[in-house]
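Visitor: Structure provided below as structure tokens; questions to follow.
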Amino acid sequence: MIIKSGRRFIQEHSLDKTKIDLMLSRLRGTLNQVNPKDLKNIFHIDYRNLATTSDLTLKESSQSRLSKAQQEFLIKSVAGFNSTFPDSERIKPELDSFGGREGNMISHIDHFLRTMVLVGYNEGITINKEEPIFLSSGEKKGKSDYVINRDNTPRIVLRLIRKEDRKIRGTDPELAFAANIFEMYATYWKNPIWDVYGCITDLNSWNFCKFDGNEFHRCSKTQKLVLSPPSIVALALKFIDIIDPSKE
């Protein structure tokens, strides 16, 4: 069958929560260890085929959501933190220029996320690292790399793209994407109030997706982070708009 649209695909493969929960409980290992084959078998999603998810369009953020002083603080903080690393471990002004060690990648991501929350909010937003993932049954099935919560309710689950050494077919982004889809599903049903967004990143690229309880949505446009004020502010605003779309 030729897939003509994400909407048609979703309609023909509507989610059966009872069936999916049973399949998740039978998975070997944790949700961190799922692979592209698991993703196709359970959710009928293929990382390489955008038609297997609905489209996600992130709005063009208004820079007025952050004051000039807030933007300057964010830019100076990210740039200052970046300068504490050796040149080979820094974010550069060029696209896809970070090729440093995983530990330093995580440090850059952690600093960016926490600084973004610091300048964007006075209270109500928390970032949890390595938060346990639970199925609807209460079974623990791994850990999320990061969960950003608004008023104690998950808004974004973030999965790092790591250099995997497991003998599993699939690229590192494919493996991160598969894990992110599974954790979005589990996170949504823990407290199904708001849509849950996902994001996979290797620091250079940030790919967003969403689960609304019925469909998975994926943004075809990749957000990039380089060492320049417009790039730093633009990425922060994407997160702020997702965390709190009503914020003026």
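Visitor: Being under 16 Å from Phe239 (Cα atoms) and among the β-branched types (Val, Ile, Thr) narrows it down to one of Ile161, Ile75, Ile91, Ile133, so name that one. Even if it seems obvious, please write down each step before you answer.
Guide: Working: Ile161 fails: under 16 Å from Phe239 (Cα atoms); Ile91 fails: under 16 Å from Phe239 (Cα atoms); Ile133 fails: under 16 Å from Phe239 (Cα atoms).
Result of the check over Ile161, Ile75, Ile91, Ile133: Ile75.
Visitor: Only one of these conditions is not met by Leu203: (1) in a loop (DSSP other than H, G, I, E, B); (2) at pLDDT below 95; (3) buried (at least 19 other Cβ atoms within 10 Å of the Cβ). Which number is it?
Guide: The one condition Leu203 does not meet is (2).
Visitor: Find the residue count for the stretch 32-74, including only residues that are of a type in the set (Gly, Ala, Ser), outside any helix (DSSP H, G or I) and loosely packed, with under 13 Cβ neighbours inside 10 Å.
Guide: Filtering the stretch 32-74 down to residues of a type in the set (Gly, Ala, Ser) leaves 51, 54, 61-62, 64, 67, 69.
Filter once more, keeping what is outside any helix (DSSP H, G or I): 54, 61-62, 67.
Subset that is loosely packed, with under 13 Cβ neighbours inside 10 Å: 62, 67.
Summing the residues that are of a type in the set (Gly, Ala, Ser), outside any helix (DSSP H, G or I) and loosely packed, with under 13 Cβ neighbours inside 10 Å in the stretch 32-74 gives 2.
Visitor: Given the structure, is Val147 crowded, with 20+ Cβ neighbours inside 10 Å and either closer than 17 Å to Pro36 by Cα or hydrophobic (A, V, I, L, M, F, W, C) (or both)? Show your work before the answer.
Guide: On the way: crowded, with 20+ Cβ neighbours inside 10 Å: yes; either closer than 17 Å to Pro36 by Cα or hydrophobic (A, V, I, L, M, F, W, C) (or both): yes.
So Val147 fits the description; yes.
Visitor: Another question, if that's okay. Considering only residues that are over 13 Å from Ile240 (Cβ atoms) and touching a strand residue (DSSP E or B) at 6+ places or on another chain (Cβ under 8 Å), which ones fall in the stretch 103-120?
Guide: Just the residues of the stretch 103-120 that are over 13 Å from Ile240 (Cβ atoms), to begin with: 103-111, 114.
Residues satisfying the conditions are Met105, Ile106, Ile109, Asp110, Arg114.
Visitor: Which of the numbered conditions does Gly29 fail, given that it passes all the others? Conditions: (1) over 18 Å from the mean Cα position of the chain (by Cα); (2) of a type outside the set (S, T, N, Q); (3) part of a loop (DSSP other than H, G, I, E, B); (4) more than 23 Å from Ala186 (Cβ to Cβ).
Guide: (4)
Visitor: Going by the structure shown, is Ile181 more than 22 Å from Ser107 (Cβ to Cβ), hydrophobic (A, V, I, L, M, F, W, C) and touching a helix residue (DSSP H, G or I) at 6+ places or on another chain (Cβ under 8 Å)? Spell out how you get there, then give the answer.
Guide: Working: more than 22 Å from Ser107 (Cβ to Cβ): yes; hydrophobic (A, V, I, L, M, F, W, C): yes; touching a helix residue (DSSP H, G or I) at 6+ places or on another chain (Cβ under 8 Å): yes.
Yes; evaluated as a whole, the condition is true for this residue.
Visitor: Here's another thing I want to ask about it. Does at least one position in the stretch 215-229 carry a residue that is in a helix (DSSP H, G or I), closer than 28 Å to Glu89 by Cβ, open to solvent by 10 Å² or more (accessible area, probe 1.4 Å) and modelled with pLDDT of 95 or more?
Guide: First pass over the stretch 215-229, keeping only residues in a helix (DSSP H, G or I): 229.
Filter once more, keeping what is closer than 28 Å to Glu89 by Cβ: 229.
With open to solvent by 10 Å² or more (accessible area, probe 1.4 Å) added as a condition, the list becomes 229.
Keeping just the survivors that are modelled with pLDDT of 95 or more gives 229.
Yes: one or more hits.
Visitor: Please count how many residues of the stretch 150-178 are open to solvent by less than 20 Å² (accessible area, probe 1.4 Å), in contact with a helix residue (DSSP H, G or I) (Cβ under 9 Å, 6 or more places away or on another chain) and small (Gly, Ala, Ser).
Guide: Total meeting the criteria: 1.
Visitor: Would you call Ile125 of a type in the set (A, V, I, L, M, F, W, C), in contact (Cβ under 8 Å) with a residue 40 or more places away in the chain, surrounded by 18 or more Cβ atoms within 10 Å (Cβ to Cβ) and closer than 30 Å to Thr30 by Cα?
Guide: On the way: of a type in the set (A, V, I, L, M, F, W, C): yes; in contact (Cβ under 8 Å) with a residue 40 or more places away in the chain: yes; surrounded by 18 or more Cβ atoms within 10 Å (Cβ to Cβ): yes; closer than 30 Å to Thr30 by Cα: yes.
The answer is yes for Ile125.
Visitor: Here is a follow-up. Going by the structure shown, is Ser54 of a type in the set (Ser, Thr, Tyr) and either farther than 19 Å from Asp241 by Cα or over 21 Å from the mean Cα position of the chain (by Cα) (or both)?
Guide: Working: of a type in the set (Ser, Thr, Tyr): yes; either farther than 19 Å from Asp241 by Cα or over 21 Å from the mean Cα position of the chain (by Cα) (or both): yes.
Taking the combined requirement at face value, the residue satisfies it.
Visitor: Something else about it: Any idea which of Leu113, Leu160, Leu135 is closer than 21 Å to Phe177 by Cβ and either touching a Pro at 6+ places or on another chain (Cβ under 7 Å) or without any contact (Cβ under 8 Å) to a residue 60 or more places away in the chain (or both)?
Guide: Details: Leu113 fails: either touching a Pro at 6+ places or on another chain (Cβ under 7 Å) or without any contact (Cβ under 8 Å) to a residue 60 or more places away in the chain (or both); Leu135 fails: either touching a Pro at 6+ places or on another chain (Cβ under 7 Å) or without any contact (Cβ under 8 Å) to a residue 60 or more places away in the chain (or both).
Going through Leu113, Leu160, Leu135 in turn, just one is closer than 21 Å to Phe177 by Cβ and either touching a Pro at 6+ places or on another chain (Cβ under 7 Å) or without any contact (Cβ under 8 Å) to a residue 60 or more places away in the chain (or both): Leu160.
The values are calculated or read from the model by the stated rules, or taken from the named source; none is laboratory data. Since we're looking at a predicted model, the values are computed, not measured. Counting neighbours? That spans all protein chains shown, and the Cβs are built from the backbone with ideal geometry, glycine included. Areas reflect the complete protein model, heavy atoms only, side chains present, ligands, DNA and RNA absent. Shrake-Rupley method; radii C 1.70, N 1.55, O 1.52, S 1.80 Å.
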